[in-house]
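See below for the structure under consideration.
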Amino acid sequence: MKERIYICHTYYHVYITILKELAMSKVDYGKATLVLSKMSNDFGELKSRAEAVGLFEEILELDEKKDTFFPELEKYKKDKGNILFNMISRIQYTKKFAKLQEKYIHIPFKEYKQIYVYCDADPIGLYLNQKRIRYHALEDGLNSLGEI
């Protein structure tokens, strides 16, 4: 089983992840996977540059899709005029959206002991929730490095 995986959507998330990894004890150092989400950011050459540094065991790219990529989800976003019907539509939307993401998410999350997600409101959070895969939602601001 692999140790840790961090799902990053911005350069700032990568920066915080690097700081977290550098703060690890020597025993845990270098046993993490870095995931760069291509949905909201073009990371350019960051993947190859990070691989050259050797801080992470593995660096992957995630091709999660926004809900607008799937036109079949549009019917679930319409206001039904009733809070109960809107809630039912939201549940259906969430399940369908997660199912549609499966085709684009090729990371074996169940192989990791710890999963860290910065933006769990993004599609990856919906996917992990629907798959019942436990993860930690990370705050990338105040005191995000914990006890350091």
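When region 80-103 is examined, which residues are found to be of a type in the set (S, T, N, Q) and more than 10 Å from GLN130 (Cα to Cα)?
Once the filter is applied, which keeps residues that are of a type in the set (S, T, N, Q) and more than 10 Å from GLN130 (Cα to Cα), region 80-103 yields ASN82, ASN86, SER89, GLN92, GLN101.
From the residues in region 1-34 that are part of a loop (DSSP other than H, G, I, E, B) and among the polar types (S, T, N, Q), which one is nearest to the chain's Cα centre (by Cα)?
THR10
List, please: which pairs have Cβ atoms under 8 Å, are six or more places apart or on different chains, and start with a residue in region 39-52 that is under 14 Å from CYS8 (Cβ atoms) and end with one that is in a helix (DSSP H, G or I) and open to solvent by 90 Å² or more (accessible area, probe 1.4 Å)?
Partner pairs satisfying both residue conditions: ASN41/TYR11; PHE43/TYR11; LEU46/TYR11.
Return the residue satisfying two criteria in turn: it lies in region 76-88 and is without any contact (Cβ under 8 Å) to a residue 12 or more places away in the chain and in a helix (DSSP H, G or I), and of such residues it is surrounded by the most Cβ atoms within 10 Å (Cβ to Cβ).
Once the filter is applied, the top-ranked residue is ASN86.
Please verify whether PHE69 is open to solvent by 90 Å² or more (accessible area, probe 1.4 Å), of a type in the set (Phe, Trp, Tyr) and without any contact (Cβ under 8 Å) to a residue 60 or more places away in the chain, treating the condition exactly as stated.
Yes; evaluated as a whole, the condition is true for this residue.
To keep it simple, each residue is scored yes or no on (1) at pLDDT 95 or above; (2) surrounded by 14 or more Cβ atoms within 10 Å (Cβ to Cβ); (3) touching a Gly at 6+ places or on another chain (Cβ under 9 Å).
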| residue | (1), (2), (3) |
| --- | --- |
| TYR15 | no, no, no |
| THR33 | yes, yes, no |
| VAL53 | no, no, no |
| LYS65 | no, yes, no |
| ARG90 | no, no, no |
| VAL117 | no, yes, yes |
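Consider region 35-48. How many of its residues are in contact with a Ser or Thr (Cβ under 8 Å, 6 or more places away or on another chain) and either open to solvent by less than 50 Å² (accessible area, probe 1.4 Å) or outside any loop (DSSP other than H, G, I, E, B) (or both)?
1
The values are calculated or read from the model by the stated rules, or taken from the named source; none is laboratory data. Everything numeric here is computed off the predicted structure, so don't read it as measured data. Note that we place each Cβ from the backbone using ideal geometry, even for glycine, and neighbour counts take in every protein chain shown. Protein only, heavy atoms only, side chains kept; ligands, DNA and RNA dropped before computing areas. Shrake-Rupley method; radii C 1.70, N 1.55, O 1.52, S 1.80 Å.
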